[in-house]
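Working notes, beginning with the structure itself.
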Amino acid sequence: MNKDILNDLITYLESLHHIKADDIPDLDLYMDQVTGFMDDHLAKVKRHPEDKALTKTMINNYAKNRLLPAPVKKRYSREHILILLFIYYYKGVLNLTDIQTILEPINQKYFSNDKDLSLEDIYETVFSLEDKRMSHLIDDVTDKFETASLMFPEDNDTSESLSPEDRDELRMFAFLGELGFDVYLKRQMMERIIDQIRASQKDKEMKESTQKRAVKKK
């Protein structure tokens, strides 16, 4: 395989950085301003330049599904933007129901509260390991690329008759397969954790309901 492909991927990964909390305006924004902010700051991670990072319909849908607290007088605060960013990063691998399960306790405990630990603190802490994780990711992608480059070798009985073009095509297929399998397994783990969170939440709700009924009987 052409190593330019790997170099291009590494250059792309190195150019990606999460939106800093300091980049988010202090003043509350209207819907059009929110979508404009997201489009501008997420331009590098959009697959096509014409794609929209976020639309009005998406935002309304997130609020409807209780992923995002309702705006105040049609305006969205810095905290709204932070939650929307969490949703954006999660939605590539999880469905809205799972994201709602993850964000519900965060919204309830840290959205517009007077606790010492703010939503902004949580956001910056979660992404504080970005540089370290990116370095590990680049090493992992490089390893996968080099492994795939050695597949379907010329001296193998089953692949020696392949043309150079077919060989590169199959190696690229193997590389994509390695990347995809990694994503698949990580999604499986995330869904398993979310199911455990959901079960724990149901147990808590049942206990609270039982306690309330017991109090009423007294």
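The values are calculated or read from the model by the stated rules, or taken from the named source; none is laboratory data. Just so it is clear, the structure is predicted and the values come from calculations on it, not from any experiment. All Cβ positions, glycine included, derive from the backbone under ideal geometry; neighbour counts span all protein chains shown. Remember, those area values only see protein heavy atoms, side chains included, never the ligands or the DNA or RNA. Shrake-Rupley method; radii C 1.70, N 1.55, O 1.52, S 1.80 Å.
What spacing in nm lies between the two simple spin-label points modelled at Lys20 and Gln33, each 7 Å away from Cα in the Cβ direction?
Once both label points are built, they end up 2.1 nm from each other.
Under a 1.4 Å probe, what is the accessible area of the chain per residue, stated in Å²?
68 Å²
How far, in nm, would the chain grow between Glu50 and Arg198 when pulled straight, counting 0.36 nm per residue and subtracting the alpha carbon separation? Write out the running numbers ahead of the final one.
Details: separation 148, 0.36 × 148 = 53.28 nm, distance 3.68 nm.
Between Glu50 and Arg198, full extension yields an extra 49.6 nm.
Given a cut-off of 19 Å, what percent of all Cα-Cα pairs of the stretch 140-197 lie beyond it? Walk me through the numbers before you get to the answer.
Numbers: 734 of 1653 pairs.
Value for the stretch 140-197: 44 percent of Cα pairs lie more than 19 Å apart.
Which listed residue (Thr35, Ile19, Thr142) has the Cα farthest towards the positive end of the charge dipole for the chain, taking +1 on Lys and Arg C-beta and -1 on Asp and Glu C-beta about the Cα centre?
Thr35
Answer with one residue from Ser200, His48, Val215: the one whose Cα lies farthest towards the positive end of the charge dipole of the chain, charges on Cβ with Lys, Arg +1 and Asp, Glu -1.
Val215
To the nearest 20 debye, what charge dipole does the chain have about its Cα centre, counting +1 at the Cβ of each Lys and Arg and -1 at the Cβ of each Asp and Glu?
Working: 33 positive and 41 negative charges, 528 e Å.
The calculation lands at about 2540 debye.
Averaged across orientations, what area in nm² does the convex hull of the alpha carbons in the chain project?
Approximately 17.4 nm², given one-decimal rounding.
Go through the stretch 95-102 residue by residue and turn each phi into a ³J(HN,Hα) via Karplus (6.51, -1.76, 1.60, θ = phi - 60°); whole Hz please, and just put x for glycine and proline.
7, 5, 5, 5, 5, 4, 4, 5
Using only the alpha-carbon atoms, how far is helix 31-41 inclined from the longest principal axis of the chain? Give it as 0 to 90 degrees, nearest 10.
Taking Cα atoms only, the helix is inclined about 30 degrees.
So how strong a dipole does the stretch 1-126 carry about its Cα centre when Lys and Arg Cβ are +1 and Asp and Glu Cβ are -1, to the nearest 20 debye? Don't skip to the answer; put the middle values down first.
Values: 16 positive and 20 negative charges, 120 e Å.
Using only the charged Cβ atoms, the result is roughly 580 debye.
On the protein heavy atoms, probe 1.4 angstrom, tell me the percent of accessible surface of the chain carried by carbon and sulfur.
54 percent
On a 0 to 90° scale, report how tilted helix 78-90 is relative to the longest principal axis of the chain, with both axes built from alpha carbons and the result rounded to the nearest 10.
For helix 78-90, the angle is close to 40 degrees.
Take the alpha-carbon positions of the stretch 115-218, form their convex hull, and give its projected area averaged over all directions (one quarter of the hull surface) in nm².
Answer in nm², one decimal: 12.1.
For the stretch 67-159, divide the Cα radius of gyration by the Kirkwood radius and give the resulting Rg/Rh value with two decimals.
Ratio of gyration radius to Kirkwood radius: 1.25.
Over the Cα atoms, compute the radius of gyration (one decimal) and Dmax (the largest Cα-Cα distance, rounded to a whole number) for the stretch 23-82, in Å.
11.5, 33
Calculate the dipole size of the stretch 111-192 relative to its Cα centre from +1 charges on Lys and Arg beta carbons and -1 charges on Asp and Glu beta carbons; express the result in debye to the nearest 20. Display every interim value, and only then the final one.
Details: 9 positive and 22 negative charges, 83 e Å.
The dipole magnitude comes to about 400 debye.
Leaving out ligands, DNA and RNA but keeping every protein chain, what accessible area does Phe173 have, in Å² rounded to the nearest 10, with a 1.4 Å probe?
Solvent-accessible area, nearest 10 Å²: 150 Å².
By per-residue mean of other Cβ atoms within 10 Å, what is the highest-first order of 110-120, 195-205, 61-71?
Details: 110-120: 13.5, 195-205: 11.5, 61-71: 16.2.
By packing density, highest mean first, the sequence is 61-71, 110-120, 195-205.
What would the Debye equation give as log₁₀ I(q)/I(0) for the stretch 1-111 at q = 0.11, 0.12, 0.17 Å⁻¹, counting only Cα atoms as equal point scatterers?
At q = 0.11, 0.12, 0.17 Å⁻¹ the computed log10 ratios are -0.40, -0.47, -0.86.
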